[in-house]
Amino acid sequence: MKILFLGTHGQFNLGDELLLETFLSQLGEEHTYAVNSYDPAFTQNAMRPKFNVESFHTTRELPRFLKYLLTSKVIFFGGGSIIKELYASVGRNPYSTLLMILATVTFAKQVARKKVIMSNIGVGPLMTPRGEMLARWILSQVDFLSVRDEKSHRTTLKLGLSPLKVNLVPDAVFANPPEVFISTPKPLPRSDKIRIALNLNYDIEKPEAWEPFQANLAASLKELHAATPLEIHALPMQSKFKAHDDLSILKEFSKKIPDIPFILHDPQTAQEAAEIIASVDMVLAERLHTLVISSILGKPFYGLIYDVKVQELVDYLGMNTYARNINDSFCSEDLTAGIRSVLSAYDEIGMHLIERSTLLRMKLGRYFDDLKAKAIPR
């Protein structure tokens with residue numbers, strides 16, 4: 001059948017592209033997919049030949065979008081924080097995403113009479129009564145709904161949705177086994193330095209906390225380096241498309257720690273990002289899917305919590321001891337102690353992450369079987 005798959009694609013965010021690949025793998029190679037993208041050629045080429053994908057521009061090809069909406073059997077929103085108000089740091093109308101999705105869902109249900117699925121999505125932040133109202137209008141029209149974390153689940157219930165309608169499941173990327181990322185694991189080579197993969201994301205919940213956080217991070221890394229030499233491996237998960245992308249931010253941050261070896265990477269796929277993660281001693285990251293891939297590979301990490309979705313991930317991984325909310329006030333010594341705690345419990349954390357991610361993969365296997373049985377018509 002033809003499925004119209006909608007999400008955040010073609011923005012050169014490795015996590016978003018990984019989500020798309022994960023969902024298509026779970027739904028099956030036998031279907032035909034129409035997928036929105038800000039770079040249709042990139043998305044189409046990335047998914048073929050494994051999947052039969054036709055891609056159209058998210059904002060510039062409305063006639064094709066309407067054609068796919070009318071001719072597809074199912075409208076499928078897959079993953080991502082889509083039911084949300086935008087942070088001020090994004091620089092757009094806070095309701096723009098909600099209004100776009102409301103128009104799409106309403107047309108799909110009321111005019112095209114299609115089944116609408118939202119799977120493994122994030123709900124929130126919703127910071128105003130208007131945002132909550134728009135979210136309520138959207139979600140009340142969805143035929144099959146699952147959310148990826150406890151906070152999203154509580155938010156949907158607060159909006160008035162029935163507990164029977166809302167499924168709570170992990171982030172879909174946990175459905176992937178380690179071999180999706182690393183086909184042949186290799187022993188970590190010996191080094192006289194502590195190798196840290198560093199990922200930064202500019203779009204934090206409180207923009208005013210960004211500069212203090214960077215100052216404390218730089219001071220902490222300098223303190224660690226003075227005791228034991230470090231080697232920082234920059235791990236951008238988005239290196240194009242927008243101002244303040246991860247690659248630009250990491251390049252700027254490197255100037256704050258000029259005496260620490262800083263190796264700049266620019267991975268183009270989730271698999272390339274995973275190879276970097278596998279080659280270091282630990283991960284220090286904001287981005288959700290950097291931490292998810294680290295967990296699947298059993299690589300110890302210290303989480304830099306920049307918004308609610310990362311907090312929820314840390315919660316259900318049982319990693320609160322090894323994470324810090326960077327929107328809150330803290331000193332560099334706190335961060336230094338946190339990073340050292342990861343290194344001191346290295347093997348224990350690695351085993352914990354493998355066990356936890358394996359359980360989540362099993363849970364997602366059962367979930368996707370149920371979703372296809374109940375929500376995908378035959």
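Miscellaneous remarks
- Set of lysines with alpha-carbon distance to Lys50 below 22 Å, sequence-local pairs under 8 removed: Lys2, Lys73, Lys372
- Note on the chain: with neighbouring protein chains present and a 1.4 Å probe, carbon and sulfur make up 53 percent of its accessible heavy-atom surface.
- In a simple Cβ point-charge model (Lys, Arg +1; Asp, Glu -1; nothing else charged), the range 112-228 has a dipole of about 440 debye relative to its Cα centre.
- Each of (i) 1.06; (ii) 1.15; (iii) 0.98 is a candidate for Cα Rg over 2.2 N^0.38 Å; the one calculated from this structure is (iii).
- Taking GluC sites (Glu not before Pro) in DSSP loop conformation with at most 12 other Cβ atoms inside 10 Å as exposed sites, the chain has its longest uninterrupted site-free stretch at 31-378.
- The count of lysine pairs in the range 91-175 that are at least 8 places apart or cross chains, and whose C-alpha atoms lie under 25 Å apart, stands at 6.
- Dipole size of the range 192-279 about its Cα centre, with +1 on Lys/Arg Cβ and -1 on Asp/Glu Cβ: approximately 120 debye, rounded to the nearest 20.
- Net dipole in debye of the chain [+1 Lys, Arg Cβ; -1 Asp, Glu Cβ; about Cα centre; nearest 20]: 1620 debye
- Separation of the Asp259 and Gln141 label points, Cα + 7 Å toward Cβ, nm: 5.9 nm
- Computed over the range 220-378, relative contact order equals 19 percent, with contacts defined as Cα pairs under 8 Å that lie 6+ residues apart.
- Distance (nanometres) between label positions extended 7 Å along Cα→Cβ at Leu164 and Glu208: 4.6 nm
- Of the residues Thr8, Thr290, the one with the largest accessible area comes first in the ranking Thr8, Thr290, computed with a 1.4 Å probe on protein heavy atoms.
- Positive-pole candidate from Pro261, Val314, Gly303, dipole of the range 259-334, charges at beta carbon: Val314
- Using a probe of 1.4 Å on the protein chains alone, the accessible area found for Asp16 is around 30 Å².
- Residues whose amide H comes within less than 5 Å of that of Phe77, counting only those at least five positions distant or on another chain, are Leu6, Ile117, Met118, Ser119 (H built at 1.01 Å from N in the peptide plane).
- By the rule of a C-alpha distance below 30 Å, with chain neighbours fewer than 8 residues away ignored, the lysines paired with Lys251 are Lys84, Lys186, Lys193, Lys206, Lys222, Lys240, Lys242, Lys299, Lys309.
- In the context of the full set of protein chains, the range 297-340 has a per residue accessible area of 33 Å² (1.4 Å probe).
- Heavy-atom accessible area, probed at 1.4 angstrom with all protein chains present, ranks Met237, Met133 as Met133, Met237, highest first.
- Look at the dipole of the range 199-341 built from charges on Cβ: of Thr336, Leu224, Ala273, the Cα furthest out on the positive end belongs to Ala273.
- For the range 1-100, a Kirkwood hydrodynamic radius built from all Cα pairs, placed in the Stokes-Einstein relation at 4 °C and 1.567 mPa s, yields a translational diffusion coefficient of 93 µm²/s.
- Helical contribution to [θ] at 222 nm, DSSP H n ≥ 4, -39,500 (n - 2.57), averaged over the chain, rounded to 500: -14000 deg cm²/dmol
- Considering only the Cα atoms of the range 263-343, their convex hull presents on average a projected area of 5.6 nm².
- DSSP-assigned coil residues among chymotrypsin sites (Phe, Trp or Tyr not before Pro) in the range 309-352, each with at most 10 further Cβ atoms within 10 Å: none
The values are calculated or read from the model by the stated rules, or taken from the named source; none is laboratory data. Quantities reported herein were computed from a predicted structural model and do not represent experimental measurements. Heads up, the Cβs are rebuilt from the backbone with ideal geometry, glycines too, and the neighbour counts pull from every protein chain shown. In case anyone asks, the SASA skips ligands and DNA or RNA and just uses the protein heavy atoms, side chains included. Shrake-Rupley method; radii C 1.70, N 1.55, O 1.52, S 1.80 Å.
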